[in-house]
Amino acid sequence: MQARRIGRAVLLGALCALAHPGPVRSAGEADGAQIVVYVEVPPNVVEKTLLRLASLTLQGASGRVPIGLLVRELDSRAISGRQVRLAEEVVPPGLYVDLEMCFELMEAHLGPAAVRPAVPPGGVRIPLSLELSNGGGALVVLRWSPEAIDPEEEFHRPRLEVADPEVPPLGSLAFVTNEGSDNVSVVDRFSQKIVDVIRVGEGPRGITASRREQWLYVVNSSSNDLTVIDARTRRTIKRATLTFGDEPIRVALSPDESELYVLNRGSNMLSVLDARSLQESSRIVVGEGPRAMAVDPVTGFIYVASELSRTVLIVDPGSEETVASLSVEVSPAEILLDATNRRLYVSGADQRKLSIVDIETLETEERMNLCSPAVGLAYNPRSRQLYASLEDCRELAILSTVGVFEIGSIGLDDPPGLISLDPEYGQLLTILPTAGELAFYSVNSKRLTGIATVGKRPHMVVVPR
């Protein structure tokens, strides 16, 4: 009897999936709109309910649009109190009125018994109201309320509804660029939930925040442009096209926030722009293969790590000249400037070394061996500790900058990327690029406090002050 039920469930799910044609796109249609769908489950779910999805369809005025699923199986107990990124798709712009979710299998565990009712042949329709504009995007959060399945009912229809995410104050938010998703995830740092998604250009990588304007600047490496977002409203307010072939990877503000610096790996140039008008005022040649930069708030100089030139250049944006060149043993991958103690930390891309340089004398004070090259660095001025993300070792090394030695480490399940500290120095925010996640660690306990599933290939995170 149970085998027949499973077969029927799969058949009905398949029919539901085949019932809707794909989107019809007109010739020359622009890049469309982006929809990102999450599913969340209330905390403290005891009983396990399993949904195996067959399809997800967005229905609008112009017809039905299939949405590709990133996850096909939802386990209520496994995701209790969490969010799961269910789908991400570019669709034709227009008005959409519901989501249709079809299933291959449903299963409920009532104590030791597993119950598999027949799935509804027409799926479940979830009402919504989305007006998607070309080039825009939208976040849809579905709240799933699992409940006991009655084996006597003909079909079980899961309770799913569109939730309106509660957005906390700006200081509680982290913004993550997702290079593979062409968007920025907005994360509540304390609940570790996605509260908004902002579509930007193609291949967003670098991001920085202004304190005066409370703007976010995002550089998009694949589309060679720049997106400016109002961090308070999370709305795009400006876009600027950069020079073709620049491939911008990092962005930073001058100490007075009047100028914007964009590091371009494709053209080996540093662009200087007006921070408000986004007009480019100058372009400065830097070393081959620039990878990272840091701005000295005391002198206003810009330190550029050029991986292929094996140098760190010191650039004066006022005179548009390189005022000094620091040769290092390694091909620099990441740099971090400690303005208070006048130190520059340089990690190697091809060697397991960390160099500590006195930026007044440009002399290397110390070198430290790590278990693998550091791909990310963060400094805590309160504890005078340095954090290094070690991709090959899958760990976060904790280093004392007094004497420079390792005092601890945090083991990870996935390779880490760039890291950042929150303004209060209580959280260590760690990008996990291959997992598509942002992990939060307590600075005091060194323990994982939460994980947010963001987009494809997350690259950098920033917490506005």
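The values are calculated or read from the model by the stated rules, or taken from the named source; none is laboratory data. It should be emphasised that the depicted structure is a prediction, and the values quoted were computed from it without experimental measurement. No Cβ is skipped: glycine too gets one built from the backbone with ideal geometry, and neighbour counts run over all protein chains shown.
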Q: Please find, within segment 387-436, the residue that is surrounded by the fewest Cβ atoms within 10 Å (Cβ to Cβ) out of those that are more than 13 Å from V462 (Cα to Cα), within 15 Å of the chain's Cα centre (by Cα) and aliphatic (A, V, I, L, M).
A: A435
Q. From the list S282, S325, S309, which one is of a type in the set (S, T, N, Q), modelled with pLDDT under 95, over 26 Å from the mean Cα position of the chain (by Cα) and in a strand (DSSP E or B)?
A. S325
Q: Would you mention how many residues in segment 49-67 are among the polar types (S, T, N, Q) and surrounded by fewer than 16 Cβ atoms within 10 Å (Cβ to Cβ)?
A: 1
Q. So L337 fits all but one of (1) touching a residue at least 60 places away in the same chain (Cβ under 8 Å); (2) more than 20 Å from the chain's Cα centre (by Cα); (3) closer than 20 Å to R465 by Cβ; what number is the exception?
A. (1)
Q: Answer with yes or no whether D225 is without any contact (Cβ under 8 Å) to a residue 60 or more places away in the chain and not basic (K, R).
A: yes
Q. In segment 68-105, what residues are surrounded by fewer than 17 Cβ atoms within 10 Å (Cβ to Cβ), part of a loop (DSSP other than H, G, I, E, B) and in contact with a Pro (Cβ under 7 Å, 6 or more places away or on another chain)?
A. G81
Q) Within segment 352-367, which residues are surrounded by fewer than 17 Cβ atoms within 10 Å (Cβ to Cβ) and part of a loop (DSSP other than H, G, I, E, B)? A) E360, T361, L362
Q | Unmet criterion (only one of (1) assigned by TED's automatic domain parsing to the domain that holds L308; (2) out of contact with any Leu (no Cβ under 7 Å at 6 or more places or on another chain)) for D392 | A | (1)
Q. Given R143, R125, which one is among the basic types (K, R) and farther than 30 Å from M460 by Cα?
A. R125
**Q.** Yes/no for E257 being on the phi > 0 side of the Ramachandran plot and under 24 Å from the mean Cα position of the chain (by Cα)
**A.** no
**Q.** Residue in segment 108-146 that is nearest to E202 (Cα to Cα), counting only those that are charged (D, E, K, R) and at pLDDT 90 or above
**A.** E131
Q: Could you tell me whether segment 239-249 includes any residue that is crowded, with 20+ Cβ neighbours inside 10 Å, in contact (Cβ under 8 Å) with a residue 40 or more places away in the chain and not small (G, A, S)?
A: yes
Q: Output the residues belonging to segment 169-195 that are assigned to a strand (DSSP E or B) and over 16 Å from V228 (Cβ atoms).
A: L173, A174, V176, N178, S185, V187, D188, K193, I194, V195
Q) Of all residues in segment 441-460 being surrounded by fewer than 23 Cβ atoms within 10 Å (Cβ to Cβ) and among the hydrophobic types (A, V, I, L, M, F, W, C), which is farthest from I398 (Cα to Cα)? A) I451
Q) Within segment 407-437, which residues are acidic (D, E), free of Cβ contacts under 8 Å to residues at least 24 places away in the same chain and out of contact with any Asp or Glu (no Cβ under 8 Å at 6 or more places or on another chain)? A) D413, E424
